Amino acid sequence: MKYLFYTPLISLSLISCGNNDNVIEDPRPIEKEVYQFDFKSYAVKETILYTGTSGSKTHPQESFLSSYWSTYQQPAWKRIVLDLKNSSIQLIAGNSADAVYNIRISNDSVLINDKASKSRYIGDFNKKSSTFTLKRTLQYMKREPRDNGNGLTIVQNVSFGMTQYDNMFGILFTTPSEMIKSGDQVLWSNIEYYYK
């Protein structure tokens, strides 16, 4: 008989505990913070060549690049890890070319902070499609010796970002009209490497 008295009390306590679940569901999806990309393909977006004696402009075929940049078809880094939480990007080659940079993202543009503490454009990150486009550029300038005693000068660089006319003229030549020797050259090419 005494157990009949406790049965309703236990039932009430179980029912009241069962209704006390204050679970707040967050309808927002969990944001991914680390993205890992593998190299898929590349595209030469633009190649421009100015040559002396008149500084004439041409658009050479892609095969022309191999004389100046023999490995342009394969990026130095096969894999990229983009860490949004720690604002960093890791470029992975599996050798001494591995690099880690602090980044800042503006819209879809990824900017790295190099040793000079200035931001440089490195590529585009598309969060919706989980893709990354790494931008690389070749810059090559050659000035033949001049009668005033200036010797042969060659400047060649492969770097992140994109090159335009204003990036090339104003260094060895102010304008194409200063390219007076047949061997004078100003060449640049912009290449995109696609990662997914």
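For region 45-126, the percent of C-alpha pairs falling in each 5 Å distance bin, counted from 0 to the bin holding the largest distance, reads 3, 11, 17, 17, 15, 14, 12, 7, 3, 1, 0. The amide H of SER54, built 1.01 Å from its N in the peptide plane, has no neighbour under 5 Å, considering only residues 5 or more places off or on other chains. Near THR53, once Lys and Arg are set to +1 and Asp and Glu to -1 for all other residues with Cβ below 12 Å from its Cβ, the sum equals -2. Only lysines eight or more places from LYS142 in sequence, or on another chain, were considered; those with a Cα closer than 26 Å are LYS45, LYS57, LYS181.
If we count every other residue with Cβ under 12 angstrom of THR133's Cβ, Lys/Arg +1 and Asp/Glu -1, where does the sum land? Counting the neighbours of THR133, the net charge comes to +2. As an exercise, use a Förster radius of 25 Å and the Cβ-Cβ distance of LYS181 and GLU62 to find the FRET efficiency, rounded to the nearest 0.05. Once rounded, the FRET efficiency stands at 0.40.
Remark: region 68-120 carries 60 Å² of accessible area per residue (probe radius 1.4 Å; ligands, DNA and RNA excluded). A simple packing score, the average count of other Cβ atoms within 10 Å per residue, orders the peptides 132-139, 100-107 as 132-139, 100-107, with the highest score first. For the pair LYS118 and GLN164, label points projected 7 Å from Cα toward Cβ lie 1.6 nm apart.
Computed over neighbours whose Cβ is under 13 Å from that of ARG143, the net charge equals -1, Lys and Arg +1, Asp and Glu -1.
The values are calculated or read from the model by the stated rules, or taken from the named source; none is laboratory data. All figures in this text were calculated on a predicted structure; none of them were measured in a lab. Cβ coordinates were reconstructed from backbone atoms using ideal geometry, including for glycine residues, and neighbour counts include every protein chain displayed. Ligands, DNA and RNA are stripped out before the accessible areas are found, and what is left, the full protein with its side chains, is counted by its heavy atoms. Shrake-Rupley method; radii C 1.70, N 1.55, O 1.52, S 1.80 Å.
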